[in-house]
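Input: a single structure, listed below in structure tokens.
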Amino acid sequence: MRSFSYAAPTTIEQAVSLLEVEGSEVLAGGTDLLSLLKDDVERVERLVSLRGVEDLSGIDASGGRLRIGAMTTLQDLRDHAGATEAVPALVTAIDGVASAQLRAMGTVGGDLLQRPRCWYYRRGYGLLALGRDGGSMIAEGDNRYHAIFPDGHARFVSPSSLAPLLVALGAEATVRGPDGERRVPVEALYRAPQAEGERENTLGRGELLVEVTAAVSGVRSAVYEVRQRRSLDWPLMAAAVSLTGEGPRVDQARIVLGHAAPIPWLAVAAGEVAAGGELTPARIEEAAEKAASGARPMSGNRFKVQLARTATRRALGLAAGMEA
Amino acid sequence: MADYSWPEADRRGQIGRRPARLDGPVKSTGFARYPSDQNPPGLLAAKILTCPHAHARILGMETSAAEAMPGVRVVHVIQGEGSEIQWAGDEVVAVAAETEDIARDAVRAIQVEYEVLPHFVTEEHRDRAPAAQPGSERTDGDPDAAFASAHRVVEQTLGMPQMAHMCLEPHGQVAAWDGDELEVHASTQAVSTLGGQFASELGIPATQVRIRTEYMGGGFGSKFSPDRWGIVGAELARKAGAPVKLFLDRDQEVSVAGSRPSAFARIRVAADEQGKLVAWDSDSWGSGGLPGTGQTPLPYVFSRLPNRRLRHTSVPTNLAGSRAWRAPNHPQACFLTMASLDDLADELDLDPIDFLDRNLDLTGRADVYREELGIAAEMAGWEERWQPRKRSRDSALQRGLGVSIHTWGGRGHSSNCDVTVHPDGAVEVRIGSQDIGTGTRTVVAQVLAETFGLELHQVRVSLGDNRFPQSGPSGGSSTVGGVSASTRRAAQDALGEVLARVAPRLEAEPEQLKAAGGRVFVEGEPSRGMSWPEAAAQIGGAPVSARGRNPGPGRLISSGVGGVQIAEVEVDMDTGVVRVERMVAVQDCGLIINRRLAESQVYGGLIMGVGYALFEEWIPDPVTGRLLNADMEFYKLAGLMDVGSLEVHMMTGPAYDERGVIGLGEPPVISPGAAISNAVANAIGVRVPYLPLTPDRVLDALAADGGVA
């Protein structure tokens, strides 16, 4: 393992100034970054552990809002009665993170900003996996688990378990950096890189994710993940939905796919189809169809288009209180 | 000469009982020291630099940076300049260093220049293979005429990919020299033969190699030789003058340390109006890496099927060569055959069990299969639960049942052992065998205890050392027959010597004496006897010892078994996800020594079977030729939540017991792929032609049938 220095700040300000130095990287739960370093897929000059930083963990679920500190562990969030009462779909999303060890060590911020699982990236060919001739190894190779909504050269999928749900809820992320604090929609944390070496998130140098907040009052939400194995497996496709409106009426709907694109895939048009009336099976079917429309699958992942439709339909059904 | 035999049912003390495995507590508490747990003083760690290309020539190499790193003790070039590499993951340079981290860093500091050459890794596309080797055609009877006059014919292409052994303890060893004597703690299935192989590679006499394997963490057919990393590990230790631990990293374990050949086939099979099989035509191909692979035994089980034509093409790929995988060739042949027959039964509008039953005279064991099919059907509730294949898609979740039958030999291998009775009554067997996790240690102890009329804790089994009498490698379900027979013979002989000394004291003939319940006594007069320690004391100051052998006199073992399995699955028609809800297994294996361990073998076979039916496959990258899933993240093993309810029935009773002991490791892993595939076809109304039954393959099959996706 290549050498690196290790810093353990105790305040956000210290963490920010440490992260401003090039080659510094946040260490949160450490469940994945250390493996990437051991495998020499990523290199760092300095790890900045956030474990000892005050004010980065904790959950507040009062006043119709949910606030989750970035260093909150997934298990602590899972066990927080106020949070899971306000957003029951959190349970589904977190229980999908296997194993218990990962839930105990992994953090909310780490889940949101974790690196992709693309098997070309993980074997050292880079996030975009462009071959020597500049062609896409992913497009020419085995892409069964890759994006059906690729964006230019970005063909990996965003692996976060919480991001689709938080984006569906319209959650905001609080980011601290050298220039102070900014608040952005969670979806604005993500981007599809177009050059090797670019990251898949929008945090600038010295910036760190502090917390996420969401208005959760009167919102019905659900997550449905298609997983091949019951034990220890990534979803093949995930869908998160949130619905607002009185009674059976849906005024607004947000539908987000996970494991479908390099970013959490906000299917705006599908949400529009689902909103504006009662959520009938026919309307659900139409929204599910819309969520998968425009997909551009590659040689080996056409089946994921069907999974996107199914996951959307079932998530909408769950949120509307119907049989999945 | 003694009459070597197993006791009758009413006279058995140990045999047929269900004792827990003797090493269960040390294994489950972590006290068992596996070869990879050995840490002798001064131990060095070794790592291997492997080639990232599937086909390449080494143009040059620079190792000086690695050699100069503090803590690096030896840099050993395995394949130097000019070498042609034929698969990704092949070993190039090894490093021994003071810590594993240093060894890893040193490996990373080695620069190798490659000329990358063309590769081929996707043998399902036989037409694209650069070096396919078609074999000659074999014809029996008149298949063309039989097909022409047949009542029903089905024809399709089926297949299953190459997959890994995935031993949880990777391949490797700890090698230590004392002068020119080598001791190796090896994770091996072949304690008695490994030393000679090390010796000849290292150029030392076989007498100077000691092999130790007290426990080992899985082999499944992939751990019979020292392998290149074994010899390299010993060389590193010799050069460094210190013990060296070299176990493969997980990506190497998956990529190069064991795989099962793929099998694909275009198959035509036909039946007459009575539902009798009348013709078979298969054009098969497959790959076991660079060496290609041979013909699987088709048609499987129904080996007397008339009018056959078989062709086979061996397809070399730029992948590491395959190794024996639990029941070599049988799971492939079973899937290809039983899936074809299942589709033919559907074409004939016959219940598949009825169809198999009508053709059992084409097998070698009709009576056993018939009895087992009846029991399995009863256990699975076949009569109430089985329905003809559904063509409707009325709901998202569809259930189905499938059946398969299989066979295996399982004759005991060559085995020697020494049984010693000490004057204090202590009894020990020394046997150069190994317990690869199947329970060999426990079964041997039961045979000893049975023979001497003692309890398990009163006997000692010493194995896993090549200084003990040579006993065969553990492969092909041959161990239990070999070690139980040699142990029984030695134990009967040793006991005979004790009885000969005791007889005068009891004023009886030795033949009248019996050892049971911790005593030796005149049969029929329990009071005319003495305790076992008193009896043993009669032998005087020196222990009594006897050598047992297999093969040998007396009918202790046999071979040839049949088994039936039924799978029940649930398929999500909208996602293609398959859940195994239930597996029923009915199996014979002659005389069962330990019921619990026998059932465990079947449970293990079913779990492994669910794995290769639903999840496991090598995924070689068409672009680079490397495996994309040489890890435990995307090389998916079945977890406990994936295997469903497993129900096992062992065939026992006089007709089975009288055959003697037969091996059981392989048979239960043969049928799951076929039974589960047949259950999925039954559930969704269409054959998914390839294993594993992943969602994409299931949805593809449904789409091809004009359905949803």
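Over the range A:216-321, calculate the relative contact order: mean separation of alpha carbon pairs under 8 Å at least 6 apart, over the residue count, as a percent.
Working: 205 pairs, mean separation 29.9, N = 106.
Relative contact order of the range A:216-321: 28 percent.
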With Cβ to Cβ distances under 11 Å as the rule, what net charge do the other residues near residue B:326 carry (K, R +1; D, E -1)? +1
Please compute the contact order of chain B in relative form: average sequence separation of alpha-carbon pairs under 8 Å and at least six residues apart, divided by the residue count, as a percent. 16
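Rounded, prolate or oblate for the range B:610-709? Axes are the square roots of the Cα gyration tensor eigenvalues, ordered a ≥ b ≥ c, and the cut-off for rounded is a/c under 1.5.
Values: a/c = 2.73, a/b = 1.58, b/c = 1.73.
Because a/c hits 1.5 or more and a/b fails to exceed b/c, the range B:610-709 counts as oblate.
Rounded to the nearest 20 Debye, what is the dipole magnitude of chain A about its Cα centre when Lys and Arg each give +1 and Asp and Glu each give -1 at the C-beta? Could the numbers behind the result be given before it?
Details: 36 positive and 40 negative charges, 189 e Å.
So the dipole magnitude of chain A works out to roughly 900 debye.
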Dipole-positive endmost among B:464, B:403, B:439 within the range B:393-494 (Cβ charges, Cα centre): B:403
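Pull out the extension gain between residue A:181 and residue A:21, defined as 0.36 nm times the separation in residues minus the alpha carbon to alpha carbon distance; nm, one decimal. Mind showing how you got there, number by number?
Numbers: separation 160, 0.36 × 160 = 57.60 nm, distance 1.85 nm.
Answer, rounded to one decimal: 55.8 nm.
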With unit charges on the beta carbon (Lys/Arg positive, Asp/Glu negative), name the residue among B:584, B:53, B:524 whose Cα is farthest towards the positive pole of the charge dipole of the protein assembly as shown. B:524
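For residue B:266 and residue B:32 in the same chain, what is the full-extension length gain: residue separation times 0.36 nm, less their Cα-Cα distance, in nm?
Numbers: separation 234, 0.36 × 234 = 84.24 nm, distance 4.83 nm.
This chain segment gains 79.4 nm when fully extended.
Provide the net charge surrounding residue B:521, with neighbours chosen by a C-beta distance below 9 Å and charges set as Lys +1, Arg +1, Asp -1, Glu -1. Don't jump to the answer; show the numbers that get you there.
Working: positive: B:514, B:519, B:528; negative: B:523, B:525.
Every neighbour counted, the sum reads +1.
With +1 on each Lys and Arg Cβ and -1 on each Asp and Glu Cβ, and nothing else charged, work out how big the dipole of the protein assembly as shown is about its Cα centre, in Debye to the nearest 20.
On the way: 103 positive and 132 negative charges, 135 e Å.
The calculation lands at about 640 debye.
Work out the length of the dipole vector of the range B:620-698 about its Cα centre, built from +1 on the beta-carbon of each Lys and Arg and -1 on the beta-carbon of each Asp and Glu, and round it to the nearest 20 debye.
Working: 5 positive and 9 negative charges, 56 e Å.
Dipole of the range B:620-698, to the nearest 20 debye: 260 debye.
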List the residues, sorted by chain then number, that are 5 or more residues from residue B:408 or on another chain and whose placed amide H is less than 5 Å from its amide H. B:561
Simple spin-label model, 7 Å along Cα-to-Cβ: residue A:272 to residue B:547 in nm? 9.0
Report, by chain and number, residues whose modeled amide H sits under 5 Å from the one on residue B:465, excluding near sequence neighbours (fewer than 5 apart, same chain). B:213, B:433
Using a simple spin-label model with points 7 Å from Cα along the Cα→Cβ vector, what separation in nm is obtained for residue B:632 and residue A:188? 4.2
Antiparallel bridges, percent of DSSP beta bridges restricted to the range A:23-144 (to nearest 5): 50
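For an R0 of 22 angstrom, estimate the FRET efficiency from the Cβ-Cβ distance between residue A:246 and residue A:81 and round to the nearest 0.05. Before the final figure, lay out each step's value.
Numbers: r = 26 Å, r/R0 = 1.18.
That gives a FRET efficiency of 0.25.
Once you sort the root eigenvalues of the Cα gyration tensor of chain A as a ≥ b ≥ c, which label holds: rounded (a/c under 1.5), prolate (a/b larger than b/c) or oblate (the other case)?
Here chain A falls in the oblate category.
Suppose R0 equals 41 Å; then what is the FRET efficiency for residue B:127 and residue B:595 from their Cβ-Cβ distance, rounded to the nearest 0.05? Don't jump to the answer; show the numbers that get you there.
Working: r = 51 Å, r/R0 = 1.24.
Calculated transfer efficiency: 0.20.
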Cα gyration tensor category, rounded, prolate or oblate, for the protein assembly as shown with a/c compared to 1.5: prolate
Could you work out the relative contact order of the range B:467-587? I mean the mean sequence separation of Cα pairs under 8 Å and 6+ apart, divided by the number of residues, in percent. 23
Calculate the length of the line joining the C-alpha centroid of the range B:551-566 to that of the range B:576-634, in whole Å. 24
Cα lying deepest toward the dipole's positive end in chain A, options A:129, A:192, A:165, charges on Cβ: A:129
Semi-axes (Å, rounded, descending) of the ellipsoid equivalent to chain B per its C-alpha gyration tensor are 44, 39, 20
The range B:1-155: proportion of alpha-carbon pairs further apart than 18 angstrom, %: 77
Charge context of residue B:619, other residues only, Cβ under 9 angstrom, K/R +1, D/E -1: -2
Nitroxide proxy distance, nm - points 7 Å out along Cα→Cβ at residue B:59 and residue A:282: 6.7
Estimated FRET transfer efficiency (residue B:500, residue B:370; beta-carbon r; R0 41 Å; 0.05): 0.30
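Quick one, can you get me the convex hull of the C-alpha atoms of the range B:541-628 expressed as volume per residue in Å³? Each step should come with its number before you reach the end.
Numbers: hull volume 21.7 nm³, N = 88.
Cα-based convex hull of the range B:541-628, divided per residue, equals 246 Å³.
Every number in this text was worked out from the coordinates using simple rules, so none of it is lab data. All values reported here derive from a predicted model rather than from experimental measurement. As a convention, Cβ positions derive from the backbone with ideal geometry for all residues, glycine included, and neighbour counts pool all protein chains shown.
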